[in-house]
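For reference, the structure discussed in these notes is given below.
Please treat every number below as a calculation from the coordinates, not as lab data. Nothing here was measured: the structure is a model prediction, and the numbers come from that model. Please note: Cβ atoms are built from the backbone with ideal geometry, for glycine as well, and neighbour counts cover all protein chains shown.
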Amino acid sequence: MKLLLEEIKQCTICKSYLPLGPRPVVSAHPDSKIVIIGQAPGTKVHTSGIPWDDASGKQLRKWLDVSVDDFYDVTKFAIIPMGFCYPGKGKTGDLPPRPECAPQWHKPLFHELKHVELVILIGTYAQKYYLQKQAKKTLTETVKSYNEYLPKYLPLPHPSPRNRFWLTKNPWFDVEVLPELRRRVKGVIL
């Protein structure tokens with residue numbers, strides 16, 4: 001795993017497409033029990049090199065009901081985005097994750113992860129990649145159908161502050177999904 005992570009950190013596959021250059025952000029350990037698969041780092045995470053080191057990460061930790069120390073304990077959580085580097089800015093936010101990363105690196109990473117009990121799929125890109133034909137037409141439908149993917153996968157919306165409207169419009173998420181997420185996370189890492 002150590003060699004694989006070093007190889008990923010040196011990756012330059014999509015270098016010419018990255019406005020800030022390559023800086024892969026990933027963390028994992030052979031004993032990681034929960035894998036968080038998000039989209040791609042934003043500019044703040046690109047700068048710090050620390051996964052989920054932003055407002056979205058703070059919200060995600062709140063959803064998971066875990067401390068910062070637990071969240072960054074690689075024996076508890078592996079953090080593997082769909083795209084490992086900041087993809088650039090689009091019209092309505094960051095561009096989608098670069099398509100080269102997941103096919104290149106996810107399978108070798110999962111091969112090294114021997115104790116995974118739960119994979120949290122954050123956002124449409126992760127959900128479509130891992131759930132494939134089982135993913136619903138929309139992120140909302142996929143998240144609402146979370147029970148269909150358990151015990152292996154648990155789909156979530158992105159915890160970005162920009163998603164406040166989605167959260168307000170879908171109160172069932174707080175009532176149904178978050179308690180199940182917290183129960184499963186606690187059952188795995190405690």
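Residues that are within 18 Å of the chain's Cα centre (by Cα) and not charged (D, E, K, R), at least 3 per element: which helices (runs of 4 or more DSSP H) completely within the range 1-96 meet that?
In the range 1-96, the matching helices (runs of 4 or more DSSP H) lie at 43-48, 55-64.
Based on this model, can you work out whether Pro96 counts as in contact with a helix residue (DSSP H, G or I) (Cβ under 7 Å, 6 or more places away or on another chain) and either over 26 Å from Leu3 (Cβ atoms) or not polar (S, T, N, Q) (or both)?
Against the criterion (in contact with a helix residue (DSSP H, G or I) (Cβ under 7 Å, 6 or more places away or on another chain) and either over 26 Å from Leu3 (Cβ atoms) or not polar (S, T, N, Q) (or both)), Pro96 qualifies.
Only one residue in Ser27, Ser56, Ser48 is polar (S, T, N, Q), under 20 Å from Ala102 (Cβ atoms) and out of contact with any Phe, Trp or Tyr (no Cβ under 9 Å at 6 or more places or on another chain). Which one?
Of the residues listed, the single one that is polar (S, T, N, Q), under 20 Å from Ala102 (Cβ atoms) and out of contact with any Phe, Trp or Tyr (no Cβ under 9 Å at 6 or more places or on another chain) is Ser56.
List pairs: first residue in the range 54-73 and more than 19 Å from Tyr86 (Cα to Cα), second residue of a type in the set (D, E, K, R) anywhere in the structure, Cβ distance under 7 angstrom, at least six positions apart or on different chains.
Note: pairs meeting the criteria are Leu64/Arg182; Asp65/Arg182; Val68/Arg61; Asp70/Lys76; Phe71/Arg61.
So in the range 149-171, with the set limited to residues that are hydrophobic (A, V, I, L, M, F, W, C) and touching a helix residue (DSSP H, G or I) at 6+ places or on another chain (Cβ under 7 Å), which one is nearest to Lys133 (Cα to Cα)?
Going through the qualifying residues, I end up with Leu154.
Please find, among Trp105, Trp63, Trp52, the residue that is farther than 18 Å from Leu181 by Cβ and of a type in the set (Phe, Trp, Tyr).
Of Trp105, Trp63, Trp52, the one residue that is farther than 18 Å from Leu181 by Cβ and of a type in the set (Phe, Trp, Tyr) is Trp105.
From the residues in the range 156-183 that are in a helix (DSSP H, G or I) and in contact (Cβ under 8 Å) with a residue 60 or more places away in the chain, which one is surrounded by the most Cβ atoms within 10 Å (Cβ to Cβ)?
Filtering the range 156-183 for residues that are in a helix (DSSP H, G or I) and in contact (Cβ under 8 Å) with a residue 60 or more places away in the chain, the one surrounded by the most Cβ atoms within 10 Å (Cβ to Cβ) comes out as Leu181.
Spot the failing condition for Lys107; the list is (1) free of Cβ contacts under 8 Å to residues at least 40 places away in the same chain; (2) in contact with a strand residue (DSSP E or B) (Cβ under 9 Å, 6 or more places away or on another chain), and only one is missed.
It fails just one condition, (2).
If I filter the range 137-155 for residues that are surrounded by 12 or more Cβ atoms within 10 Å (Cβ to Cβ), of a type in the set (Asp, Glu) and part of a helix (DSSP H, G or I), do I get at least one hit?
Among the residues of the range 137-155, at least one is surrounded by 12 or more Cβ atoms within 10 Å (Cβ to Cβ), of a type in the set (Asp, Glu) and part of a helix (DSSP H, G or I), which makes the answer yes.
Tally time: how many residues in the range 120-142 are within 14 Å of the chain's Cα centre (by Cα) and under 21 Å from Trp172 (Cα atoms)?
So the count comes out to 6.
Considering only the range 149-190, how many residues are over 18 Å from the mean Cα position of the chain (by Cα), charged (D, E, K, R) and closer than 22 Å to Pro41 by Cβ?
Residues meeting the conditions: 1.
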